[in-house]
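What follows is a set of notes on a single structure, which appears directly below.
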Amino acid sequence: APAADIVAAIDAAAAADVSTAHRAVLANESGRALAWLKSEGTRFIKGGVPEFMRWMLAPPRPRGAGLDWKGRGPDVLLRRLTANLATRGKTVRLGYRARELILEDGRVVGVVAEAPGGVRERILAPAALIADGGFQADMDLMRQYVSPQPERLLQRGAATGRGDGVRLAEAAGARLVGMGSFYGHLLGREAFENEKLWPYPIVDPIARVAIVVNAAGARFLDEGMGGVHMANAVARLDDPMSATVVFDEAVWTGIAADNRYPPCMNPIYVNAGGTVLAADTLEDLARLAGLPAEGLAQTVAEHNAAIGNAGVGLGQGLGQGLAPPRSRHLFKPEPIVRPPFRAIPICAGITYTLGGVAIDADSRAQGRDGGTIEGLFAAGSASGGMEGGADAAYFGGLAKAVITGLRAAETVAAD
């Protein structure tokens, strides 16, 4: 896409949370990052009609439930890039864990790494690049920045992201930014016991046109902002496993059955063992879901009144009469009027954290004093400032990783 279009998309999603320098990097470097991946032998496929599906890693995963990654696009990509390194005489030391940055006169000149057997080695280098994938699997950091009960979030990404890089960089004087949000989706709560229910299908397509309620049967988020925003709001609840999506038969047989991308809920979710509660009255549905009947009935009535009970329009006052307001610029809300009424108890599934080490346009780590930490770089999910913010804006993990990684590598080479 033209750089101007990418900047416009960033502005629409997170105008106040992405710096001008990072806007320019994302917009101007996206095409080059794609070309670099192709030059390294990466294969792509057009996955569907939507613009965001034009470049998908090949071979794609089946549009079904469960975890199916071996031999799929991301797995093939990483194996190919690792093989390419080997052909160039480079070594990937698997199983190592960085424990300390080595500094001399304020400059990073290497790391102390722990080998698989527990022996520590000093590895000297002109620069160190932190690219360990975020801190989603570190419960202390997650509790500090993201959720009061991070153990009640489902890990749907790499649990190897333990925050080592963020901690090492901070100890060396780096500034951390945007630590309060993550990229993720809503999942059926049963995914904690049933591995076939994650990372797909996700509940987002239903939730963003319906209502999401807390244990009191009340709305607590803006469903119209989409899945990533909703997942973050659920994670911030005192109990992240107390939310429920409520909708009606029209949504279940319509939007929930649309199997374009990601895989549809109806019937894939049920076939994989997921439970969708159903009842002919809201009172009975509330009983099945463990919600207060009066509170749920009031919430549904307010929702229907705001959008036009007959479902013929969105209503001029949509959002103004609801607390919290309900956006409509991304997803059209649907009334809850046609029985059987349905509900899915949900949880927040986290893929990777959006915050991390503050970097400049060349991926150099920025210090708390406003300067640059010489010899230290950060890329991908270990870096912050390109995504996240108040609305948990998400622009694509692979794109950010390749763009910031390329900038870091080229800067080190130039130095």
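The values are calculated or read from the model by the stated rules, or taken from the named source; none is laboratory data. Predicted model only: the values in this text are computed from it and were never measured. Counting neighbours? That spans all protein chains shown, and the Cβs are built from the backbone with ideal geometry, glycine included. SASA here: full protein model, heavy atoms, side chains in, ligands and nucleic acids out. Shrake-Rupley method; radii C 1.70, N 1.55, O 1.52, S 1.80 Å.
Residues of the range 253-299 that are β-branched (Val, Ile, Thr) and within 30 Å of the chain's Cα centre (by Cα): Thr253, Ile255, Ile268, Val270, Thr275, Val276, Thr299. Number of residues in the range 128-160 that are of a type in the set (D, E, K, R) and more than 26 Å from Gln366 (Cβ to Cβ): the value is 3. In this structure, does Gly31 turn out to be among the small types (Gly, Ala, Ser) and part of a loop (DSSP other than H, G, I, E, B)? Against the criterion (among the small types (Gly, Ala, Ser) and part of a loop (DSSP other than H, G, I, E, B)), Gly31 does not qualify. It is to be established whether one or more residues within the range 114-130 are of a type outside the set (A, V, I, L, M) and within 22 Å of Tyr352 (Cβ to Cβ). No, the conditions are met nowhere in the range 114-130. From the set of residues in the range 174-184 that are open to solvent by 20 Å² or more (accessible area, probe 1.4 Å) and not in a strand (DSSP E or B), which is nearest to Leu141 (Cα to Cα)? Filtering first and then ranking leaves Gly180. With respect to the conditions (1) charged (D, E, K, R); (2) over 29 Å from Asp68 (Cβ atoms); (3) open to solvent by less than 80 Å² (accessible area, probe 1.4 Å), Glu100 falls short on a single one, namely (3). Scan the range 67-98 for residues that are within 21 Å of Gln155 (Cα to Cα) and either among the basic types (Lys, Arg) or in contact with a Phe, Trp or Tyr (Cβ under 6 Å, 6 or more places away or on another chain) (or both) and the total you get is 4.
In the range 351-379, the residue that is nearest to the chain's Cα centre (by Cα) out of those that are open to solvent by 10 Å² or more (accessible area, probe 1.4 Å) and among the polar types (S, T, N, Q) is Thr351. Look at (1) within 25 Å of Ala390 (Cβ to Cβ); (2) open to solvent by 60 Å² or more (accessible area, probe 1.4 Å) and you find that Arg23 fails only one, number (2). List the pairs whose first member sits in the range 260-274 and is without any contact (Cβ under 8 Å) to a residue 24 or more places away in the chain, whose second member is in a helix (DSSP H, G or I) and open to solvent by 20 Å² or more (accessible area, probe 1.4 Å), and whose Cβ atoms are under 8 Å apart, counting only residues at least 6 apart or on separate chains? Qualifying pairs under 8 Å: Asn266/Thr253; Asn266/Ala257; Pro267/Ala257. Only one entry of Ala382, Ala348, Ala408 meets the criterion of being within 22 Å of Ala218 (Cβ to Cβ), open to solvent by less than 20 Å² (accessible area, probe 1.4 Å) and of a type in the set (A, V, I, L, M), and that entry is Ala348. For Val92, are the conditions met, namely being of a type in the set (Val, Ile, Thr) and surrounded by 14 or more Cβ atoms within 10 Å (Cβ to Cβ)? No, not satisfied. Residues in the range 380-415 that are basic (Lys, Arg) and either more than 13 Å from the chain's Cα centre (by Cα) or at pLDDT below 90 (or both): Arg407 alone.
Per this entry, Arg93 is counted among residues that are over 30 Å from Gly388 (Cβ atoms) and either among the hydroxyl-bearing types (Ser, Thr, Tyr) or within 33 Å of the chain's Cα centre (by Cα) (or both). All of Gly110, Gly106, Gly66 fail the test of being at pLDDT below 95, under 24 Å from Gly163 (Cβ atoms) and not acidic (Asp, Glu), apart from Gly106. For the range 193-200, indicate whether the set of residues that are open to solvent by 30 Å² or more (accessible area, probe 1.4 Å) and of a type in the set (A, V, I, L, M) is non-empty. Among the residues of the range 193-200, not one is open to solvent by 30 Å² or more (accessible area, probe 1.4 Å) and of a type in the set (A, V, I, L, M), which makes the answer no. Within the range 206-223, the set of residues being under 19 Å from the mean Cα position of the chain (by Cα) and either surrounded by fewer than 22 Cβ atoms within 10 Å (Cβ to Cβ) or closer than 26 Å to Gly356 by Cβ (or both) comprises Leu221, Asp222. Within the range 126-150, the set of residues being open to solvent by 40 Å² or more (accessible area, probe 1.4 Å), assigned to a loop (DSSP other than H, G, I, E, B) and either touching a strand residue (DSSP E or B) at 6+ places or on another chain (Cβ under 9 Å) or of a type in the set (Phe, Trp, Tyr) (or both) comprises Pro126, Ala131, Asp132. No other residue among Leu187, Leu154 is open to solvent by less than 10 Å² (accessible area, probe 1.4 Å) and either acidic (Asp, Glu) or under 30 Å from Phe341 (Cα atoms) (or both) apart from Leu187.
Enumerate the pairs (first residue in the range 278-293 and touching a residue at least 60 places away in the same chain (Cβ under 8 Å) and within 11 Å of Asp248 (Cβ to Cβ); second residue anywhere and open to solvent by less than 30 Å² (accessible area, probe 1.4 Å) and assigned to a loop (DSSP other than H, G, I, E, B)) with beta-carbon separation below 6 Å, excluding pairs fewer than 6 apart on the same chain, so at least 6 apart or on different chains. From the range 278-293, no pairs qualify. Scanning the range 190-245 for residues that are touching a residue at least 12 places away in the same chain (Cβ under 8 Å) and in a loop (DSSP other than H, G, I, E, B) yields a total of 26.
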